[in-house]
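Encoded as structure tokens, the structure appears first; notes follow it.
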Amino acid sequence: MGYSSIFRDGIFAGRTYIVTGSGSGFGRCIAHEIAALGGRVALVGRTLEKLKASAAEIAEDNEGPAGDPRCYTADIRDEERVTAMIGEILADFGRINGLVNNAGGQFSAKLKDISAKGWDAVVRNNLTGGFLMSREVYRQWMEVHGGSIVNITAEFGLGLPDMGHSGAARAGMDNFTRTAALEWAHSNVRVNAVAPGWIASSGYDNYPKEVSAAIAQRADHVPLKRHGTEAELSAAVCFLLSDAAAFITGTSIAVDGGAPLERGYRPSEDGPRENRAFHGFHRYSEPDILKQGK
């Protein structure tokens, strides 16, 4: 049994893609789908053990070049390391067709309780790191050869209470996406973003229990009345990486079940809804917090 992508087999054959934060969560799923579609994957993250686990899964599930991912450890906030790593990836693969800036992280806190150090850490992780990765991929390969960059942001349009540092960084990444799309279009580089809403991923279980419990209830405020799946997010990413999106750049696709449309004074109508979630990722495991009470 392998990844059940909605896309045609082989669309990424002969191509190489970098996925940051690919040791778990969204990144792991995205890397799996790219490989299932024939692409070679450079797995980037800070923890080698996690990257090796993802690599072993991909090798087990795929044959040929797609079943031979490579692991690269890096703190994407480290400019010198990012520059060197992109050189290493090019030496190993000979090309970079796409970059998925997925790596990021944050902690739950009120604005008044966030220190300057905590603020800087999250902004550098969720904004500066993506900039450095994009800049180096562009400088070292895409400026001459073209390619596609997809940035994972967030649903931040109405603010992001309790995670204001991340909301500010993600909004910055959205603006960077549009600027890079304009500046790099002459090099045939497309730059887009995917903005996830409440996607049921392993990250849910990394927050304190009271925060995770609140997240579990967020489905009540989504018109589709459920959390999204990792595969639904990955599908949007793979579409933007694919040739089908050849005339799409500088935009953001929201994968959020219509959450921004739901307002307390005018919620979506109650009633039965058939759960039509797409579960293409065969190795997906539902977060523990969502299993409770079932």
* Taking segment 133-164, which residues are surrounded by fewer than 22 Cβ atoms within 10 Å (Cβ to Cβ) and modelled with pLDDT under 95? -> Glu155, Phe156, Gly157, Leu158, Gly159, Leu160, Pro161, Asp162, Gly164
* To do: Determine, yes or no, whether Val194 is among the hydrophobic types (A, V, I, L, M, F, W, C) and either within 17 Å of Ile30 (Cβ to Cβ) or under 19 Å from the mean Cα position of the chain (by Cα) (or both).
  => yes
* Asked: Can you tell me which residue in segment 102-122 is nearest to Arg81 (Cα to Cα), limited to those that are modelled with pLDDT of 90 or more and buried (at least 19 other Cβ atoms within 10 Å of the Cβ)?
  -> Ala103
* To do: Hey, can you tell me all the residues within segment 83-141 that are among the acidic types (Asp, Glu) and in contact (Cβ under 8 Å) with a residue 12 or more places away in the chain?
  => Glu88, Asp92, Glu136
* Name the pairs: first residue in segment 247-261 and within 19 Å of Arg170 (Cα to Cα), second residue of a type in the set (Phe, Trp, Tyr) and not in a loop (DSSP other than H, G, I, E, B), Cβ to Cβ under 9 Å, at least 6 apart or on different chains? -> Ile253/Phe239
* Which pairs have Cβ atoms under 6 Å, sit 6 or more apart or on different chains, and link a residue in segment 229-245 that is of a type in the set (D, E, K, R) to one that is surrounded by fewer than 18 Cβ atoms within 10 Å (Cβ to Cβ)? -> Glu230/Tyr284; Glu232/Phe278
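The values are calculated or read from the model by the stated rules, or taken from the named source; none is laboratory data. Keep in mind the model is a prediction, meaning the values are calculated, not measured. Glycine also receives a Cβ, built like all others from the backbone with ideal geometry; neighbour counts cover every protein chain displayed.
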